[in-house]
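Here is the structure we will look at.
The values are calculated or read from the model by the stated rules, or taken from the named source; none is laboratory data. Since the model is a prediction, treat every value here as computed from it, not as a measurement. A quick note on method: Cβ atoms are made from the backbone with ideal geometry, for glycine too, and the neighbour counts reach across all protein chains shown.
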Amino acid sequence: MNDTIVAIATAHGIGSISIVRLSGKNALSLALKLIKKDTLIPRYATFSKIYSTVGELVDEGIIIYFKAPNSFTGEDIVEFQTHGGLIVSNFILEELIKLGARLANPGEFSKRAFLNGKMDLAKAEAVQSLITSRSEDGIKILARHLKGELSSYVNSLRDELVTTLAYVETCIDYAEEDLPLDILEQTKSLLIENYKKLNEIVEISEQRKGLIEGFKVTIIGKPNVGKSSILNSLLKFERAIISDEAGTTRDRVEESLKIGTHLIRIIDTAGIREGVSLVEKIGIENSMKAVEEADIIIAVFDSSRVKDEEDEKILEICKNSGKKIIYVLNKDDLESKFNYDFEEYIKISAKKSSNLIIETLKKYLDSQNYDGIMLSSTRQILSSKNAKEALYRAKDLLNENELELFAYELNLAIMEISNIAKPYERTEILDAMFLNFCLGK
Ligand SMILES: Nc1nc2c(ncn2[C@@H]2O[C@H](COP(=O)(O)OP(=O)(O)OP(=O)(O)O)[C@@H](O)[C@H]2O)c(=O)[nH]1
Ligand SMILES: [Mg+2]
């Protein structure tokens, strides 16, 4: 972390302003060279001309200096707010590299912020997810993570476990007898309680990961039922090819769609049927993958035809998916022949309107809104799952009075939970031991 890093912080493209960000111990001195000034007052917006390394005028803009440690990375930072577009900011970037700065790796500013103790891992991930979040509720949840709510939730859970581990390790090392009965019971209920807490947060986070990543909605059905017509109607433009030839769609067609406060991914798939050409078979395999990825499935049937084996196959896929299903009977403008027995379904004609699908999706997505704490990345979910499994094993080992193995599993659970916010250091257990117990030996 001895070098000074530089990057363009704004999105690449045409816009009115572009920001070049410089962080490291030489940030100020490098910046001063390009603006031909002796110093910058921290946290003041200074309007200045910006020059190349050979003294040509390149642009004029606002320069802000954040003095260490009061900056995002905890190091000296200088930001150049230049005119937008790619040319000016790229030029300044290259000039700063010529002067000795290094092009930052992806996420390196946040990595430095973490290493300098400016934020923990949960907050760093919240920053990243906030940038890519695909719903307003997701943003609100992540703003709370940034405030430190996920970190304190996780830390209090882990502190309880560290204290328990410290106690048990003390008993293993110093006591001649087994754990006292009341402590044994107390520890067991603490393990169960924390197991439940982890289980709950994992379930909520898995069900609602669409709030942050964007819910995925897959349209499935046998060929020719009108899947692509529905996609086009939802998007309000001709995105997919439509024809009355069965097997028109081969590749999946994916688009973003704003529904209420959510930005969803909607996927049109190849119609699912048996005994077709190799290319179509590959398309159908991809349809099945899209079903697996989906949070919500729109299952489409042709209401103008009698239900057949291919429709039954679609119904079976839906039943086995365990996903939220919206059953749609399309072609309602034609005479109805489909013998259905759905509890809930929608009848539409994609040729006229798909508003009923939008309304149903909106209702479901709104029901998924949530303002509690949840895990925002696959990494956090995986660590929590590992932690809860280790706690489960620890509880069983405690029942068998296998204290050393119990301590091993508890240690594992602590390490996994710690991965979410702040990696665990073994000295913490020693601190807890010496703080809470008078060893006297
Ligand atoms: N009458 C009527 N025809 C429709 C309706 N929706 C779609 N169609 C027609 O049904 C045929 C198939 O439509 P597509 O949208 O291509 O069907 P698909 O399910 O995507 O078909 P594949 O891609 O082959 O699996 C086309 O001729 C459409 O014009 C509808 O609501 N009413
Ligand atoms: Mg199609």
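How many residues does the stretch 50-62 contain that are small (Gly, Ala, Ser) and surrounded by fewer than 14 Cβ atoms within 10 Å (Cβ to Cβ)?
1
Considering each of 221, 214 in turn, give the residue that is of a type outside the set (Phe, Trp, Tyr), modelled with pLDDT under 95 and touching a Lys or Arg at 6+ places or on another chain (Cβ under 6 Å).
Unique residue meeting the criteria: 214.
I need the full set of residues from the stretch 198-256 which are closer than 27 Å to residue 338 by Cα and of a type in the set (Asp, Glu), in order please.
244, 245, listed by residue number.
Residues checked against (1) within 7 Å of ligand 1 (Cβ to nearest atom); (2) charged (D, E, K, R):
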{"site": "221", "(1), (2)": "yes, no"}
{"site": "225", "(1), (2)": "yes, no"}
{"site": "229", "(1), (2)": "yes, no"}
{"site": "232", "(1), (2)": "no, no"}
{"site": "235", "(1), (2)": "no, no"}
{"site": "244", "(1), (2)": "yes, yes"}
{"site": "249", "(1), (2)": "yes, no"}
{"site": "253", "(1), (2)": "no, no"}
{"site": "259", "(1), (2)": "no, no"}
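Out of the residues in the stretch 227-242 that are within 8 Å of ligand 2 (Cβ to nearest atom) and not in a helix (DSSP H, G or I), state the one that is nearest to residue 334 (Cα to Cα).
Applying the filter and picking the extreme gives 242.
Going through 358, 381 one at a time, which residue ends up being away from ligand 2 (no atom under 16 Å from the Cβ) and crowded, with 16+ Cβ neighbours inside 10 Å?
Within the list 358, 381, the selection yields 381.
Being assigned to a strand (DSSP E or B), in contact (Cβ under 8 Å) with a residue 12 or more places away in the chain and crowded, with 17+ Cβ neighbours inside 10 Å is true for just one of 80, 47. Which residue is that?
Working: 47 fails: crowded, with 17+ Cβ neighbours inside 10 Å.
On inspection, the qualifying residue turns out to be 80.
Considering the stretch 338-375 alone, what residues qualify as being over 21 Å from residue 217 (Cβ atoms) and among the polar types (S, T, N, Q)?
Within the stretch 338-375, 339 is the sole residue that qualifies.
Looking only at the stretch 89-113, how many residues end up being surrounded by fewer than 19 Cβ atoms within 10 Å (Cβ to Cβ) and either free of Cβ contacts under 8 Å to residues at least 24 places away in the same chain or out of contact with any Lys or Arg (no Cβ under 7 Å at 6 or more places or on another chain) (or both)?
First pass over the stretch 89-113, keeping only residues surrounded by fewer than 19 Cβ atoms within 10 Å (Cβ to Cβ): 90-91, 94, 97-100, 102-103, 105-108, 111.
Now restrict to residues that are either free of Cβ contacts under 8 Å to residues at least 24 places away in the same chain or out of contact with any Lys or Arg (no Cβ under 7 Å at 6 or more places or on another chain) (or both): 90-91, 94, 97-98, 100, 102-103, 105-108, 111.
Going through the stretch 89-113 one residue at a time, the tally reaches 13.
Quick check on residue 221: is it within 13 Å of ligand 2 (Cβ to nearest atom) and either in contact with a helix residue (DSSP H, G or I) (Cβ under 9 Å, 6 or more places away or on another chain) or not assigned by TED's automatic domain parsing to the domain that holds residue 271 (or both)?
So residue 221 fits the description; yes.
Of the residues 187, 249, only one is over 18 Å from residue 317 (Cα atoms), away from ligand 2 (no atom under 16 Å from the Cβ) and more than 30 Å from the chain's Cα centre (by Cα); which?
On the way: 249 fails: away from ligand 2 (no atom under 16 Å from the Cβ).
None of the other options fit; the residue is 187.
Tell me, which residue of the stretch 261-288 that is assigned to a strand (DSSP E or B) and surrounded by fewer than 21 Cβ atoms within 10 Å (Cβ to Cβ) is nearest to ligand 1 (Cβ to nearest atom)?
Checking each candidate, the answer is 265.
Restricting the search to the stretch 312-334, which residues are out of contact with any helix residue (DSSP H, G or I) (no Cβ under 7 Å at 6 or more places or on another chain) and either among the hydrophobic types (A, V, I, L, M, F, W, C) or at pLDDT 95 or above (or both)?
Matches in the stretch 312-334: 314, 315, 318, 327, 329, 331, 332, 333, 334.
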